[in-house]
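Take a look at the structure set out below.
The values are calculated or read from the model by the stated rules, or taken from the named source; none is laboratory data. Here the structure is a predicted model, which means the values were calculated and not measured. We place every Cβ from the backbone using ideal geometry, glycine too, and count neighbours over all the protein chains shown. These accessible areas exclude ligands, DNA and RNA; they are computed on the full protein's heavy atoms, side chains included. Shrake-Rupley method; radii C 1.70, N 1.55, O 1.52, S 1.80 Å.
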Amino acid sequence: MHSKSKVIWIDGVSCYGCSHSFYNYPEIKELLEKIELIYHPLLPSNEFKFQRCDILIIEGAIKNNFLRLDFDLIELISKLINLSKKIILIGTCSVYGGIFGEGVLFNKENKGKFFKYKDKIISIPGCPPHPEWIAYAIEMILNKKRLILDKENRPKEIFSYTSHMGCVRNEYFEWKIDAKNFGEKEGCLFYEQGCQGPYTHSSCNKILWNEVNSKPRAGTPCFGCTEKTFPKKNLFKTETFMGIPANIPLGVSKRAYLTLAGVAKSLKNERLERKLIDDSE
Amino acid sequence: MIVNKKIITKIEGEATLKLYKKNEIIEFAQIEFWQYRGIEEFLKNRHYLDACVINPRVCGICGHSHLIATAKAIEDALNIEITEKAKILREITLGLEIIQNHIKWFYLTLYPTIKKIDFFKAFEFSKEIAKIIAIIAGQFPHNSYAIPGGVTCDLTNLDILKIKNSLKKMFDKYQNVIDIKGDSKDLENLFNGISKELGKSINKFLVLGDNLYFKSNGDVEFVKEEQSISFNKNVLYKDEFVEVGPLARNLNNKLIKVIYNSYKDSIYTRIFARIYEVNLIFKYLLKIIDEININEKSYIKPKNCSGTGIGIVEAPRGSLIHKVEIENEKIKNYEIIVPTQFNLSNGTKNKPSAAQASLMNENEKFADFIFKCFDICAICVSH
């Protein structure tokens, strides 16, 4: 019988949101039974000790002069990286730094302290990452399947989508109808409320959160939490340039976007100009 | 006297517990948190709405309480009233966060200190509870649907129906953990061979929040922070250490009162109050969900742009305080006091905090159990 893959899940400077997100994975029990979880900061496991492992999962950012398990955090991570075959960075903190410090692979836009280990790293950013993304990365390694990664080591099967894809407010985006206010079903949050969906790599609106919803569906803008820029300033306000959003959808030239927006705006969609649900006929 | 220093893990974050003992009996205990993440500094000069995204990231398990406290603090600062509908929705999501927290704590954190248990039980609840939060708030953990002025969602009756059905289902299922009469096989099994008198504490209770069915018994004006031996500051109320949390805010419940009268503030009473509170919250949520008027506005745009305010909520672990100073829509100052600071302050042998007192004069083999019965959130402390 071949032995189970050994997994160490270590925490840097974090809020444990990645762990709590993972707990919502519907098949968590089946997945954890497939591996030998040697250490996890919250789940029952043995006391921490340095040892070889097949998969190292890192949650949280790195930072100088920060103690973890009585070790200097950066020395701890460095030792563990050298003892592991594959590394999954989960969460924006761990990939890029996020709110709390530097990432393992990147420090925001720049190369991070452990960039030289890029070949054995898989990036699963998100604040938090979706539980299915974490499980997917683990399963792909367990099953020895090839992952197609982008240049920031994010699996394309997840991160080639934008969080805009699948948003229920897409019709409003098509016809350039902005939300007049928060707290309403109608309107797209891209024009005023700061939604970063059209240029954020993630599949939030494709696979949905907790199997039922997403932030934009609940009227909250996408904050681009899977990106190296997270959290930018003025998260609830769209930065504009000459009256149009300064950041436009991925893959479109500014000119093409302006032309399309102008045409869509001039051809009114009367149905969408009204409230979706009222007593009118 | 022997001093034993131990790093406590499997709490949200890490702490050091220093036990001063004679033979096996703990004479005194000190608790140290040594981490700092700098959230309050991070908020400075940002637009106040950014706090609704940053602050939930204080904590992965109780971040929603931080969100609601943030919204309330800003609303207090800018003189904002919100609709009944928005209030009820916030009560539901906050109540649900408390529920998932307690169930995870019971099976994942507390139980393993004494006995082996199928901890996946916790997830059978928590992932369904998270799903109900997500219907309202978009996702869990880390949503930002409560903003100063109300909530971002605009639910339909289909959503309300789904929420109600799920609430009922989860409430029924929870009867297997502890039923409404207070019977719990898992709790009795946990205390099998352990005295229910274990870990009595200071017997002083404080409730500052008035969300859900909780009633405040104090005034935030008397809450003071002071330097301590560790990174975190001590928190006192009228110069005394107090206990906050589920036991404090449920002492007016008949059933909990009966247990309190028998065992005082032992860890049995504390644990009972915490897991029984889940039933009381479920009942309350099932009542208020019928009071939602879907036609009310979800959000009213704030008018003012400067002011100072305080937001208090009863979070999973007790009273959580956020203070904000806003100038021209920008955050000038932000301050957070978390429940764990109240319960785990570092007092002296003569004037111990709640957690210290409950450890004193007990056998060290129970140290982990007693310590964790306070449901420590080190990560909140190191905001």
Full-extension gain in nm, A:S78 to A:E211, via 0.36 nm per residue minus C-alpha separation: 44.3 nm
Tensor-based shape of chain A (alpha-carbon gyration tensor, a/c under 1.5 rounded, otherwise prolate or oblate): prolate
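How shielded is A:93-106 by partner chains, expressed as the average number of their Cβ atoms within 10 Å of its Cβ atoms?
Numbers: counts 1, 0, 0, 0, 0, 1, 8, 5, 2, 0, 0, 0, 0, 0.
Averaged over the peptide's residues, the number is 1.
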Helix runs (DSSP H) in chain B reaching 20 Å along axis by Cα, Kyte-Doolittle at least -1.0: B:63-78, B:84-104, B:120-137, B:157-174, B:267-288
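Just the number, please: carbon plus sulfur as a percent of the accessible area of region A:161-268, 1.4 Å probe, no ligands or DNA/RNA counted. Intermediate results must be reported in sequence, preceding the final value.
Numbers: 2750 of 4780 Å².
Roughly 58 percent, rounded to a whole number.
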Chain A: angle of helix A:73-83 to the longest principal axis, Cα-based, in degrees nearest 10: 70 degrees
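Quick one: accessible area per residue over chain A, 1.4 Å probe, rounded to a whole number of Å²?
Details: 12630 Å² over 281 residues.
With all protein chains present, chain A gives 45 Å² per residue.
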Positions from region A:223-240 whose accessible area shrinks by 10 Å² or more when the full protein complex is built, not the chain alone, probe 1.4 Å: A:F223, A:F230, A:P231, A:K233, A:N234, A:L235, A:F236
Separation between Cα centres of region B:36-51 and region B:160-193, rounded to whole Å: 38 Å
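Could you sort B:H102, A:H201 by their accessible area in this structure, using a 1.4 Å probe and putting the largest first? Provide the component values of the computation, followed by the final result.
Numbers: B:H102 0, A:H201 45 Å².
Output order, biggest surface exposure first: A:H201, B:H102.
With an 8 Å cut-off on Cα pairs and a minimum separation of 6 or more residues, tell me the relative contact order of chain B in percent.
Working: 771 pairs, mean separation 108.3, N = 383.
Once divided by the residue count of chain B, the mean separation gives 28 percent.
Rounded, prolate or oblate: which one fits region A:5-150, using the alpha carbon gyration tensor with axes a ≥ b ≥ c (rounded when a/c is under 1.5, else prolate when a/b beats b/c, else oblate)? If you can, show how the numbers build up before the last one.
Working: a/c = 1.35, a/b = 1.20, b/c = 1.12.
Rounded is the answer for region A:5-150, as its axis ratio a/c remains below 1.5.
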Compactness of the protein assembly as shown as Cα Rg over 2.2 N^0.38 Å, two decimals: 0.94
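Provide the packing ranking of B:347-359, B:14-26, i.e. peptides ordered by the mean count of other C-beta atoms within 10 Å per residue, highest first. Kindly include the intermediate steps, with their values, before the conclusion.
Working: B:347-359: 20.7, B:14-26: 16.8.
The densest-packed peptide leads the list: B:347-359, B:14-26.
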Amide H contacts of B:A315 (H built 1.01 Å from N, under 5 Å, at least 5 apart or other chain): B:L320
Cysteines not pairable in chain A (beta carbon separation under 4.7 Å absent): A:C15, A:C18, A:C53, A:C93, A:C167, A:C188, A:C195, A:C204, A:C222
With DNA, RNA and ligands ignored, accessible area of A:F106 (1.4 Å probe; Å², nearest 10): 20 Å²
Region B:293-307 - phi-based ³J(HN,Hα) in whole Hz, Karplus 6.51/-1.76/1.60, Gly and Pro as x: 9, 4, 7, 5, 5, 7, 8, 10, 5, x, 9, 7, 10, 9, x
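Find the all-direction average of the projected area of the Cα convex hull for region B:268-383, expressing the result in square nanometres with one decimal place.
On the way: hull surface 43.8 nm².
Convex hull of Cα atoms, orientation-averaged projection: 10.9 nm².
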Proportion of all alpha-carbon pairs of region B:1-95 beyond 16 Å (%): 69 percent
Cα-projected label distance for B:I180 with A:V252, points at 7 Å along beta-carbon direction, nm: 5.4 nm
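Quick check on the protein assembly as shown: helices-only [θ] at 222 nm, where DSSP H runs of length 4 and up contribute -39,500 (n - 2.57) each and the sum goes over total residues. Nearest 500, please.
Values: 24 runs with 215 residues, N = 664.
Theoretical 222 nm ellipticity from helices: -9000 deg cm²/dmol.
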Helix A:254-266 vs. chain A, principal-axis angle (Cα, 0 to 90°, nearest 10): 40 degrees
Largest to smallest principal axis extent of the C-alpha atoms in region B:212-300, angstrom: 52, 41, 22
Heavy-atom accessible area, 1.4 Å probe, ligands and nucleic acids excluded: residues of region B:133-168 down by at least 40 Å² from chain alone: B:G138, B:Q139, B:P141, B:H142, B:T152, B:D154
